[in-house]
Amino acid sequence: MKFCSTCGATVEFRIPPGDSLPRHVCGSCGDIHYQNPKIVVGALPEWEDRILLCRRAIEPRLGKWTLPAGFMENAESTAQGAVRETLEEACARIEVGDIYTLIDVPHINQVHIIYRARLLDLDFRPGEESLEVALFQEADIPWNEIAFRTIAMTMRHYFDDRRSGRWSFHTGIVTPDMPLP
Ligand SMILES: [Zn+2]
């Protein structure tokens, strides 16, 4: 950040009095512009023994497969965000179930939250940000072509839990050197 979004003056990057971390502080109006992690919300839509994946039409990871997910918007709940992202990316309608994974990605200042969901019908097609949308059985998941580690971790938990019949909420953390699970 170079300029204050309140008054347009130049900002300085320094530790404000009483704080412990450097912030963008306006030298003119005094506003402190805090920057905090972004939340990514998404869904794992199930249809019988298959799950819905989207192939990305945009960077990053163009051409790779992912669950429908994206940045949470202001004024919506995480579950509403999961429904919206699924509609935008897969033109698919879901009923959101339990929150399933919450994975921290501190090196890029993000938290990823994925819900289990039930696909309501088979009337889906690629949205603007997808090249292709398809249902996959576990044996057909393109594990080496998954866009994000948080998504691969979520799907690994899903198939493990489904096998064991014991469903639980999973948390985790992704570090920059981690390979795809
Ligand atoms: Zn200012």
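A short reminder: the numbers here are calculations on the coordinates, not readings from a lab. Nothing here was measured: the structure is a model prediction, and the numbers come from that model. When we count neighbours, we look across all protein chains shown, and the Cβ atoms used for this are built from the backbone with ideal geometry, even at glycine.
For the stretch 71-87, just list the computed ³J(HN,Hα) in residue order, Karplus coefficients 6.51, -1.76 and 1.60, θ = phi - 60°, integers in Hz, with x standing in for Gly and Pro.
These are the phi-based 3J(HN,Hα) values: 5, 5, 9, 4, 6, 10, 7, 4, 5, 4, x, 5, 5, 5, 4, 5, 5 Hz.
Tell me, for the chain, which Cys residues have no other cysteine's C-beta sitting closer than 4.7 Å.
Cys54, Cys91
Quickly estimate the mean residue ellipticity at 222 nm for the chain, helices only: each DSSP H run with n ≥ 4 gives -39500 (n - 2.57), and the total goes over all residues, rounded to 500.
Taking each H run of at least 4 residues, the total per residue is -5000 deg cm²/dmol.
List the pair-distance distribution P(r) of the stretch 89-142, using every Cα-Cα distance, as the percent of pairs falling in each 10 Å bin from 0 up to the bin containing the longest distance, rounded to whole percents.
Calculated P(r), rounded to whole percents: 20, 36, 40, 5.
Compare the Cα positions of Ala139, Thr78, Leu120 along the charge dipole of the stretch 69-150 (+1 at Cβ of Lys, Arg; -1 at Cβ of Asp, Glu; about the Cα centre) and return the one farthest towards the positive end.
Positive-end residue among those listed: Thr78.
By how many nm would the segment from Cys91 to Ile39 lengthen if fully extended, with 0.36 nm per residue of separation less the alpha-carbon distance? Intermediate values should be presented prior to the final figure.
Working: separation 52, 0.36 × 52 = 18.72 nm, distance 2.17 nm.
That works out to 16.6 nm of additional length.
Pairs of alpha-carbon atoms within less than 8 angstrom and 6+ residues apart define the contacts here; what relative contact order does the stretch 2-63 have, in percent?
Contact order relative to length: 19 percent.
Report, as a whole number in µm² per second, the diffusion coefficient that Stokes-Einstein gives for the stretch 11-105 at 20 °C and 1.002 mPa s using the Kirkwood radius over alpha carbon pairs. Please report the intermediate quantities before stating the final value.
On the way: Rh = 16.1 Å.
Diffusion coefficient, whole number: 133 µm²/s.
Express in nm, to one decimal, how much length is gained between Phe3 and Thr175 on full extension, taking 0.36 nm for each residue of separation and deducting their alpha carbon distance. Can you show the working numbers first?
Details: separation 172, 0.36 × 172 = 61.92 nm, distance 3.15 nm.
Extra length available between Phe3 and Thr175 comes to 58.8 nm.
Distance between the C-alpha centers of the stretch 1-66 and the stretch 77-130? Whole Å please.
One Cα centre to the other: 18 Å.
Under the 0.36 nm per residue contour assumption, what length would be gained going from the current alpha-carbon distance of Asp121 and Glu12 to full extension?
34.0 nm
Kirkwood Rh over alpha-carbon pairs of the chain, then Stokes-Einstein at 20 °C and 1.002 mPa s: what D in µm² s⁻¹, rounded to an integer?
The Stokes-Einstein estimate is 120 µm²/s.
Would you compute the Debye intensity of the stretch 79-178 from its alpha-carbon atoms alone, equal scatterers and no solvent, and pass along log10 I(q)/I(0) at q = 0.24 Å⁻¹ to two decimals?
Each listed q corresponds, in turn, to -1.56.
Tell me the relative contact order for the chain as a rounded percent, counting alpha carbon contacts under 8 Å between residues six or more apart.
Reported relative contact order: 21 percent.
Mind checking the dipole of the stretch 55-140: about its Cα centre, +1 per Lys or Arg Cβ, -1 per Asp or Glu Cβ, Debye to the nearest 20?
Computed about the Cα centre, the dipole is about 120 debye.
Quick one: divide the alpha-carbon radius of gyration of the stretch 58-111 by 2.2 N^0.38 Å and tell me what you get.
1.22
How large is the Rg to Rh ratio of the stretch 125-181 when both quantities use alpha carbon positions and Rh follows Kirkwood?
1.00
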